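The structure appears below as structure tokens.
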Amino acid sequence: MTTVFFWIAAVSAMVYLPLSPRPTSAVRSTFKTASVALLALVALLSGAPILLTLALALCALGDALLSRETESTFMAGIGAFAAGHLAYIALFLTHPASDATLILNKPGYFWSLIILGIVAATLLAPRAGDLKGPVLAYIPIILGMGVTVLALPETGALRWALPAALAFIASDLILATEKFLLPKDHPALRFTPYMIWILYWGAQAGLLIAFL
């Protein structure tokens, strides 16, 4: 049954892909939310760590909110995703195979994330308007997920956690660029919605696979 739900989630994600650049609609919101909510259901039914189920459920809530594309739902969506990332951070650090000392083994990766966070904050702060506070608070949380995933050994299914976390970060960075940095008529906007969705859903599916 869990395999069936996973493939329904995958089909929902594929149906949403061509809808991603289109205006808000109930159909668009339904497929976007279902594609991750069903992954949360798979995690729950599979007996996966409860923190994984919680993270996926919070992200599905974030999807539902962001799909409405208003300022108030955007702020609420950021809050839901921030909570989801915190659940992922807790999952990475409390997993039985987790070893925080492994984080020190990749200083280049660690410092690259720190520099990335500084650059992102510098570029986004003057352009985020009333959303400046939530956006700046979100940056260290998403990058914190990228740092703490290093505590997991790259063995077995857990080897999927690092590339999934990187895909998640890339998706969020493209989303922030799309919303705050690119002018409304920029040609890249023809492609960014598809890039965001492929990276994002792939990240969620990868994290599910890593911890099943």
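Numbers below:
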{"read-out": "Count - residues of segment 108-130 that are under 24 Å from ALA80 (Cα atoms) and in contact with a Leu (Cβ under 9 Å, 6 or more places away or on another chain)", "value": "11"}
{"read-out": "Residue within segment 51-62 that is assigned to a helix (DSSP H, G or I), over 12 Å from the mean Cα position of the chain (by Cα) and surrounded by fewer than 17 Cβ atoms within 10 Å (Cβ to Cβ) present", "value": "no"}
{"read-out": "Residue that is farthest from LEU66 (Cα to Cα), among those in segment 30-50 that are in contact with a helix residue (DSSP H, G or I) (Cβ under 6 Å, 6 or more places away or on another chain) and of a type in the set (S, T, N, Q)", "value": "SER46"}
{"read-out": "Residue in segment 139-155 that is out of contact with any Cys (no Cβ under 9 Å at 6 or more places or on another chain), aliphatic (A, V, I, L, M), over 15 Å from LEU113 (Cβ atoms) and part of a helix (DSSP H, G or I) present", "value": "no"}
{"read-out": "Scan of segment 174-212 for residues that are under 18 Å from PRO23 (Cα atoms), in contact with a Phe, Trp or Tyr (Cβ under 9 Å, 6 or more places away or on another chain) and not basic (Lys, Arg), ordered by number", "value": "LEU175, TRP197"}
{"read-out": "Condition check for SER35: in contact (Cβ under 8 Å) with a residue 12 or more places away in the chain and closer than 22 Å to LEU150 by Cα", "value": "no"}
{"read-out": "Residue that is more than 18 Å from the chain's Cα centre (by Cα) and at pLDDT below 95, where the choices are VAL15, VAL4, VAL11, VAL27", "value": "VAL27"}
{"read-out": "Lone unmet requirement of (1) at pLDDT 95 or above; (2) exposed (fewer than 15 other Cβ atoms within 10 Å of the Cβ) for TYR88", "value": "(2)"}
{"read-out": "Flag for GLY77 being under 28 Å from ALA64 (Cβ atoms), assigned to a helix (DSSP H, G or I) and modelled with pLDDT under 90", "value": "yes"}
{"read-out": "Test: residue in segment 91-111 that is hydrophobic (A, V, I, L, M, F, W, C), in contact (Cβ under 8 Å) with a residue 60 or more places away in the chain and buried (at least 18 other Cβ atoms within 10 Å of the Cβ)", "value": "yes"}
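The values are calculated or read from the model by the stated rules, or taken from the named source; none is laboratory data. These numbers were taken from a predicted model, which means no experiment stands behind them. With ideal geometry, Cβ positions are generated from the backbone for all residues, glycine too; neighbour counts draw on all protein chains shown.
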